[in-house]
Amino acid sequence: MWVFLVTEIMFFGALFTSYIVYRSLHSFAFAEASRQLDITLGTINTAVLISSSFTMATAVYYAQTGKKRMIIVFLALTILLGLVFIGIKVYEYYQKYVEHFVPGSSFSFPAPYAREAEMFFTLYFAMTGLHALHMIVGVGLLTWLVIFAERGRFTPAYHSPVELTGLYWHFVDIIWIFLYPLLYLIGRHLE
Amino acid sequence: MTEHIVPIRVYAIIFVTLLTLTAATCVISFINLGRLNAVVALVIAFSKALLVALFFMHLRYSRRLMQLVVVAGLFWLGIMISLTMTDFLTRGWLTYR
């Protein structure tokens, strides 16, 4: 699982690298575009995702100690928080669509450096989109775990699926931990 | 393989710390520190990632080999970023000749 996660580091790493390159080339346009994002929703989503990591870790604890009810309760809580995250993200995408910040023919940007700002939003959608895709896969895996937990498949001796899905879920959380400051925070004061 | 069971109390402490750091990084981003803003935000992000990896992902209790795999992965990412940046950041130098 860890080796898979390392390949995922490189997968997202390519996007992080392109972000660093374009930010260093067009830092002011990136800062201006970054200020168009909704910092409140971004912060709420960070808190939601961290909470989901906590409930996931707790689910792993109950899998290790073999408490079937509690495994299901905490897996379900994790799914719920994951769906809340995706829901808020969809709302943010919708806002960006209404404000014409989706890159393409309808893109418009009120300030100068419109092309560079479009680059920011391309990276914004690519990075958060790939992240959201991972969340959707994660919710799918968790649903599968709930079904298996319901059938009593997980015992203190055998619970690797819960643990490995946990690793995946925490990894996706870590990606967001970096996306949040890079996309929402660090451009706030650059003039 | 014997595994280490992390008590929920530890998870709760990490959880509260992570939320506190999130609130801190958000509040600090509203204060103008110039270039330091990015530095502070990234230091907090790295600390949060480290806490998640060490405790939620049990890396602190894992075998050396697992830890090595992760460090190696980050090392290669470091190579990719630093070699890319040595290219992009030095392209302008030629024109000053």
So for each of B:82-93, A:24-35, B:13-24 I average, over its residues, the number of other beta carbons within 10 Å; can you give me the resulting order with the highest mean first?
A:24-35, B:13-24, B:82-93
Folded to 0 to 90 degrees: helix B:8-29 orientation relative to chain B principal axis, Cα:
30
Please report the carbon-and-sulfur percent of the accessible area for region A:1-160; probe 1.4 Å, protein heavy atoms only, DNA, RNA and ligands left out.
69
Given +1 on the Cβ of Lys and Arg, -1 on the Cβ of Asp and Glu, and no further charges, what dipole in debye does region A:74-191 carry about its Cα centre, rounded to the nearest 20?
240
Total charge dipole magnitude, the protein assembly as shown, about the Cα centre, Cβ charges on Lys, Arg, Asp, Glu only, Debye to nearest 20
620
What 222 nm value per residue comes from the helices of chain A, counting each DSSP H run with n ≥ 4 as -39,500 (n - 2.57) and dividing by all residues, nearest 500 deg cm²/dmol?
-27000 deg cm²/dmol
Given axes a ≥ b ≥ c from the Cα gyration tensor, I'd like to know whether region A:114-191 is rounded (a/c under 1.5), prolate (a/b larger than b/c) or oblate.
prolate
Count the net charge of all other residues whose Cβ sits under 11 Å from the Cβ of A:Tyr62, scoring Lys and Arg as +1 and Asp and Glu as -1.
+3
Taking every residue of A:60-66, the Cβ atoms of other protein chains inside 10 Å of its Cβ average out to 3
Pop the C-beta distance of A:Lys67 and B:Val71 into the FRET formula with R0 = 41 Å and round what comes out to the nearest 0.05.
0.75
Per residue of B:43-49, how many C-beta atoms from partner chains lie within 10 Å of its own C-beta, taken as a mean?
5
Any chance you could list P(r) for region B:8-89, counting all Cα-Cα pairs in 5 angstrom bins from zero, rounded to whole %?
3, 12, 16, 17, 17, 17, 12, 5, 1, 0
As I understand it, the dipole of the protein assembly as shown uses +1 on the Cβ of Lys and Arg and -1 on the Cβ of Asp and Glu, about the Cα centre. Which of B:Ile44, A:Tyr184, B:Pro7 lies farthest toward its positive end?
B:Pro7
Tell me the total accessible area that B and A bury against each other, 1.4 angstrom probe, in square angstrom rounded to 100.
3800
Neighbourhood charge, 13 Å Cβ-Cβ cut-off, centred on A:Trp169 and excluding it, Lys, Arg +1 and Asp, Glu -1:
-3
Just which residues of region A:126-171 lose 20 Å² or more accessible area with every protein chain there, against their chain alone, with the probe set to 1.4 Å?
A:Glu163, A:Leu167, A:His170
Would you check the accessible area of A:Tyr93, probe 1.4 Å, heavy atoms only, in square angstrom rounded to 10?
60
Simple spin-label estimate for A:Arg153 and B:Ile28 in nanometres, 7 Å along Cα-Cβ:
4.3
Looking at the P(r) of region A:2-190, how many percent of alpha-carbon pairs lie beyond 26 Å?
38
For the pair B:Ile13 and B:Leu36, the simple spin-label estimate (label points 7 Å beyond Cα toward Cβ) gives in nm 3.0
So, with points 7 Å from each Cα along the Cβ direction, the B:Ile79-A:Ile39 label distance in nm works out to 3.9
Helix hunt in chain A: which complete DSSP H runs extend at least 18 Å axially by C-alpha with mean Kyte-Doolittle at least -0.5?
A:2-25, A:39-65, A:68-98, A:114-150, A:160-179
List A:Ile44, A:Ile20, ordered by accessible area with a 1.4 Å probe, largest first
A:Ile44, A:Ile20
Taking Lys and Arg as +1 and Asp and Glu as -1, residues besides A:Ile71 with C-beta under 14 Å from its C-beta add up to +3
For the protein assembly as shown, report the accessible area per residue in Å² (1.4 Å probe, heavy atoms, rounded to an integer).
49
Between region A:125-163 and region A:77-96, how far is it from one alpha carbon centroid to the other, in angstrom?
17
Just want to confirm a number: the relative contact order over chain A, from Cα pairs under 8 angstrom separated by 6+ residues, in percent.
38
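The values are calculated or read from the model by the stated rules, or taken from the named source; none is laboratory data. Note that the structure is a prediction, hence the values are computed from the model and not measured. All Cβ positions, even for glycine, are placed from backbone atoms using ideal geometry, and neighbour counts span all protein chains on display. Surface areas here come from the heavy atoms of the whole protein model, side chains and all, with no ligands, DNA or RNA. Shrake-Rupley method; radii C 1.70, N 1.55, O 1.52, S 1.80 Å.
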